[in-house]
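Derivation of every value follows stated rules applied to the coordinates shown; laboratory data play no part. Everything numeric in this text was worked out from a predicted model, so none of it was measured. Cβ coordinates were reconstructed from backbone atoms using ideal geometry, including for glycine residues, and neighbour counts include every protein chain displayed.
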Amino acid sequence: MPAFAYVARNLTGQKVTGVLDAATEREAANHLAAQSLFPIEVKAAAARGEGFRFRSKRVKGQDMATFYAQLASLLRSGVPMLRSLTVLSEQSSNATLSEVLREVRGRVEEGEPIGNAMARYPRVFSEMGVNMVRAGTEGGFLEDALDRVASFTELQEDLKGRTVSALAYPVFLATIGTVVVTILLVFFVPSFDKMFDRLRKKGEMPQLTESLLAFSNFLQDYGIFVVIAGVVGLLVFRSQMKTERGQEWADRVKLKIPVLGKILMSLAVARFCRILGTLLGNGVPILRSLEISRSATGNRLLSRSIADASENISAGESLAAPLQQSGHFPQTVVEMISVAEESNALEHVLPQIADTLEKRTFRQLDLFVRLLEPVMLLVMAMVVMVVVLALMVPVIKSSGSI
């Protein structure tokens, strides 16, 4: 239950301060009146502490998809919003989501739009979800908007689950391979150093072996510092990724990754097309639709291109031209959007574009993940082969000289 900080006066006129739990600010004031206290100021303590209370708590995507779908079903069945939020908060198995829904309900009861109330909890409700709810509330299609958000969330979770499960074995191989090679370099390889002194004095030591021994000695002497530097670097990297500049850099790097970058961009374009088509089909003005759909792309570069397109439309120009100039949209997509604009059928064509892009991209992603496993095995085999050759060649030379 939300906490409210209050300043009040008692019957003798003395000022009293404290914190109490209540569902709404009005209920908090009633509690104070029942204690013969006259409230001067009542503020939601959660307003200052929301970020702290929920900073380390996220809600699983599947739980959020279930929430959106259930809320849409309740509203479509005629259940009022406040009652629907109460039911969902009571039956939710996720403690964080349950608490957030109680607070959202309290704010809605005080007259705050549900979209604004959800926006106070960015670690629970995504920007795309909040914007879709706002658009649905404004346009009178809230149930359809919630259903669409639920479908998007389920699709993202399915894609994430398929990717994680497919990458689990390659990551396992890479981890085990790294550990084994590190153990070989730190504990096994140094024992050969003295064995190769004769070859080193004769100048017959292979350069590959010399480099391997030097790297092994480096790990023995400075390995702990390498680990510390890696941990510090990881912490700095994570802190930078929380900044706007760091996130923009990460989005730019993602798009430059061979094969995977193209897949990520295609998925972002598909999300944009589907949301924009849905909003236009429900009567939302195009500028408002672009503002909402650009937040769902998940890529700041693409979002910036869409913002530029919005400015062009405000000036009376077409949507396709600035999208083509950005270089982020496939030519086929741009051509289809251009034809749809001329025929005034954007709301029908955009979902079709999204379907086509998603099907093609999912096939590419499956192929990419399937090829990743043999590539990882090949890399591991090459690393082990290099270590073995670096140790066996001087051993064979020594045996031949004997």
Completion exercise
Listed residues LYS60, LYS201, LYS262; largest mean-square fluctuation, Gaussian network over the chain with Cα springs below 10 Å, found at LYS201
Fill in the blank from the handout: Shape call for segment 59-156, from the Cα gyration tensor axes a ≥ b ≥ c (a/c under 1.5 means rounded, otherwise prolate when a/b beats b/c, else oblate), comes out rounded
Practice task
For segment 59-156, give the magnitude of the charge dipole about the Cα centre (Cβ charges: +1 Lys/Arg, -1 Asp/Glu; no others), in debye to the nearest 20.
Solution key: 100 debye
Exercise for the section: Neighbouring Cβ atoms within 10 Å as the yardstick, rank ARG83, ARG123, ARG274 fewest first. Expected result: ARG83, ARG123, ARG274
Problem - Between helix 244-256 and the chain: long-axis angle, C-alpha atoms, 0 to 90°, nearest 10 - result: 50 degrees
Handout entry: Whole-angstrom gap from segment 250-275 to segment 184-205, using each part's C-alpha centre
Key = 49 Å
Handout entry: Stretch gain in nm, segment ARG26-ASN116, where the contour uses 0.36 nm per residue and the Cα spacing is subtracted
Key = 30.5 nm
Handout entry: Size of charge dipole - the chain - debye, nearest 20, with Cβ of Lys, Arg +1 and Asp, Glu -1, no other charges
Key = 1360 debye
Practice task
Rank these for me by crowding, VAL393, VAL189, going from fewest to most other beta carbons within 10 Å.
Solution key: VAL393, VAL189
Completion exercise
Expressed in angstrom and rounded, the centroid-to-centroid distance over alpha carbons for segment 159-175 and segment 324-402 is 15 Å
Handout entry: FRET efficiency, 1/(1 + (r/R0)^6) with R0 56 Å, evaluated for LEU287 and ARG162 via beta carbons
Key = 0.95
Exercise for the section: If a/c stays under 1.5 just call it rounded; otherwise compare a/b with b/c (prolate if a/b is bigger, oblate if not). Do that for the chain, with a ≥ b ≥ c from the square roots of the Cα gyration tensor eigenvalues. Expected result: oblate
Practice task
Between SER343 and LEU235, with labels modelled 7 Å along Cα→Cβ, what's the label distance in nm to one decimal, could you check?
Solution key: 5.9 nm
Practice task
Would you work out which of PHE218, GLY115, LEU235 lies farthest towards the positive end of the dipole of the chain, given +1 charges on the beta-carbon of Lys and Arg and -1 on that of Asp and Glu, about the Cα centre?
Solution key: PHE218
Practice task
For the chain, set up a Gaussian network in which alpha carbons nearer than 10 Å are linked by springs, and say which option among THR175, THR297, THR278 fluctuates the most.
Solution key: THR175
Completion exercise
FRET efficiency for THR332 and LEU377 from the Cβ-Cβ distance with R0 = 30 Å, rounded to 0.05, comes out at 0.25
Practice task
Describe numerically, in nm with one decimal, the distance between label points set 7 Å from Cα along Cα→Cβ at LEU11 and at VAL79.
Solution key: 4.5 nm
Problem - segment 173-402: C-alpha gyration tensor shape, a/c 1.5 cut-off, then a/b vs b/c - result: prolate
Exercise for the section: Could you please rank MET118, MET195, MET132, MET376, placing first whichever residue has the fewest other Cβ atoms within 10 Å of its Cβ? Expected result: MET195, MET376, MET118, MET132
Handout entry: Lys, Arg +1 and Asp, Glu -1 on Cβ, resulting dipole of segment 117-168 about Cα centre, debye, nearest 20
Key = 280 debye
Exercise for the section: For VAL395 paired with PHE225, estimate the spin-label separation in nm (one decimal), with each label point 7 Å from Cα along the Cα-to-Cβ line. Expected result: 3.2 nm
Completion exercise
Under 5 Å from the placed amide H of VAL16, counting only residues 5+ away or on other chains, we find ALA8, ARG9, ASN10
